Amino acid sequence: MPRRYPEPFVPVRFSCHVKRGTTDEVVVDRATGARTTRRALRWDVKGRANGYDFSKRFERAALAESWKRRLDDGFAVGLHFDLATKQFVPPADQREAAAPAAPTVFEVTEAFYQSHPEWEPKTKIIAATALNRARRRFLAPGAELVGADLIAVADYLDNASFRAGSGGESLTDRQEHGREWLEVNSASMEDVTTAEVESFVAQYAVNQRNGRKVSRTTIIRYSQPLRSCWAWAVGRDDIPVTRNPWTAVKPRRKVKGKAGRPDTGASRLVVDKDIVLSVEQAVELADRCVVAGTWGEAVRCYVLVMALCGLRPNEAVGLVWDDVELPEDGSAGWLVVRRSRRSVAARWLDPEEDPEWGPLKDRDIADSRGVPVHPLLVTHLRQHHAVVGPGPGGLVFHRNGRPFDLSVFARQVWDPARAEMFPPRPGLAADDPRQPKLSRLRRHDLRHAACSWWLRSGVDATVCQRWSGHKSLSVFLDVYQGVAPGREAEGIRKLIRSHPAEDGGHDRSPGGRLHGGQAHLPAG
């Protein structure tokens, strides 16, 4: 029989607390159907009302703390306590059959962020930026952020919100004031309208510093965490949020071309073939970095590792000699990429994370990839090892006892060498679209040179994707589909060679007919 509870009553004695614990959770592998059991954290709100014990379980600490605060507030104002739902409710004559009040934007964004401990630091920063913008903007009716409240909220959001993992650091008095103000004045998730969301997106479609319009890609990047947050809340059965205003809001589309075709954003992924260097140009640029810069011979191998092996700039900085194989017989070598240099504030890192070295892009900390080394680069690396030697921790590229500082490298080496090889047009700003594209060549563009070189050399696209470290073959092909000119003609020649013409060796042309040893196109 179902358990019967007494009618809601006004408790004389009431207390509650949050208790953290663990529980067994069964995980099912969708591919194999295998079941495994793991230990999962959970938070229980336990309490007693007039001698009746109650308990309510949550999967997130923020939700449990929010529920406890509501209970304390309900007892303080003398509401009725309902043992069936474990919450305070209005008296019977005021009570509606409605669901519990929706949580605030502040509460849900906190719970959403904490529910993704697997995010990389860069993802955490982007998500926190977007969520904090929403916290500033979506406030309860009548709430106005001015004066000391504005300063306190800004201090909290900019310096103390969404601390990773943590709990170790305490808030200052001003930050605590900012947090308390947001807890009280944040808008209900259910009250945020589509019009408010559209206005919010329009506000941040303009750079807040210089007033320029930002790209559609940037708008998507910084609005996606908010779309995901609302969808996450609507999809959970322990959060009373029923509507998602973001579903009706689409980022603006840019019309391009004479036909007025909408820009779907996919074209932005494609590498511009006009900025892809040839191998000869990459070697010349590496030589110029030695001559035009101030770092000497050490930079030649660094530039060539990016241009011939496709390493990202921060991946090349993290390369160690133990992961480099350099044969002496003039054949190709091999290197293994395991980590990437990063500079991230401690607040975005979990306690066990290395603040200096992070995983490869979109990969787990234990993942790596192997890349072949051209014999030309093998020779240069052997000379580099003999002259410079290993750095701290076996680093391949180091200067003054430290890994390469890329901002200093850009200023003292890259910019002078690039300006010498690809001089900009005088009288125009550096970012003027009339400037030659190669005058704005980035270090990351050397990676594009390597990937396009592999494709032009006939290396299978799957192998290229594995060497480059792209997450999937489809992403790799989307990015590099335009950097191999002439491959259509090469494909036709391969088809002809693989399927010889019949009927006495006559050639067959697509769309034509064989007649008297000649191909005739259809009329019209």
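The values are calculated or read from the model by the stated rules, or taken from the named source; none is laboratory data. The model shown is predicted, which means the values in this text are computed figures rather than measured ones. Cβ coordinates were reconstructed from backbone atoms using ideal geometry, including for glycine residues, and neighbour counts include every protein chain displayed.
Tabulated results
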quantity: Residues being out of contact with any Phe, Trp or Tyr (no Cβ under 8 Å at 6 or more places or on another chain) and either surrounded by 12 or more Cβ atoms within 10 Å (Cβ to Cβ) or farther than 15 Å from V317 by Cα (or both) - total across the range 396-430; calculated: 22
quantity: Matching entry among R434, R418, R466, R399 (being in the same structural domain as L326 (by TED's automatic domain parsing) and over 30 Å from R212 (Cα atoms)); calculated: R399
quantity: Residue match in the range 152-164 (condition: farther than 30 Å from P355 by Cα, more than 24 Å from the chain's Cα centre (by Cα) and modelled with pLDDT of 90 or more); calculated: no
quantity: Listing of helices (runs of 4 or more DSSP H) fully contained in the range 116-208 that carry 1 or more residues being basic (K, R) and under 28 Å from P240 (Cβ atoms); calculated: 121-137, 173-185
quantity: Top-ranked residue in the range 384-396 [being of a type outside the set (A, V, I, L, M), touching a residue at least 24 places away in the same chain (Cβ under 8 Å) and assigned to a helix (DSSP H, G or I); ranked as nearest to G296 (Cα to Cα)]; calculated: H384
quantity: Hits in the range 30-87 - residues which are under 24 Å from V184 (Cβ atoms) and in a strand (DSSP E or B); calculated: W43, V45, G47, K56, F58, H80, F81, Q87
quantity: Failed item, numbered, when R363 is tested on (1) surrounded by 15 or more Cβ atoms within 10 Å (Cβ to Cβ); (2) not in a loop (DSSP other than H, G, I, E, B); (3) not acidic (D, E); calculated: (2)
quantity: Among (1) exposed (fewer than 13 other Cβ atoms within 10 Å of the Cβ); (2) in contact with a helix residue (DSSP H, G or I) (Cβ under 8 Å, 6 or more places away or on another chain), the one test that L377 misses; calculated: (1)
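Matching residues to (1) under 18 Å from G310 (Cα atoms); (2) modelled with pLDDT under 90; (3) under 24 Å from the mean Cα position of the chain (by Cα); (4) assigned to a loop (DSSP other than H, G, I, E, B):
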residue: D431; (1), (2), (3), (4): no, yes, no, yes
residue: H448; (1), (2), (3), (4): yes, no, yes, no
residue: W467; (1), (2), (3), (4): yes, no, yes, no
residue: E490; (1), (2), (3), (4): no, yes, no, no
residue: K494; (1), (2), (3), (4): no, yes, no, no
residue: E502; (1), (2), (3), (4): no, yes, no, yes
residue: R508; (1), (2), (3), (4): no, yes, no, yes
residue: A523; (1), (2), (3), (4): no, yes, no, yes
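One line per residue, one yes/no per condition, for (1) in contact with a Ser or Thr (Cβ under 9 Å, 6 or more places away or on another chain); (2) within 18 Å of T379 (Cβ to Cβ); (3) not in a helix (DSSP H, G or I):
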position: V299; (1), (2), (3): no, yes, no
position: Y302; (1), (2), (3): no, yes, no
position: M306; (1), (2), (3): no, yes, no
position: N314; (1), (2), (3): yes, no, no
position: E328; (1), (2), (3): no, yes, yes
position: S331; (1), (2), (3): no, yes, yes
position: W334; (1), (2), (3): no, yes, yes
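To keep it simple, each residue is scored yes or no on (1) in contact (Cβ under 8 Å) with a residue 60 or more places away in the chain; (2) farther than 20 Å from H470 by Cβ.
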site	(1), (2)
G318	yes, no
L326	no, yes
G333	no, yes
S340	no, no
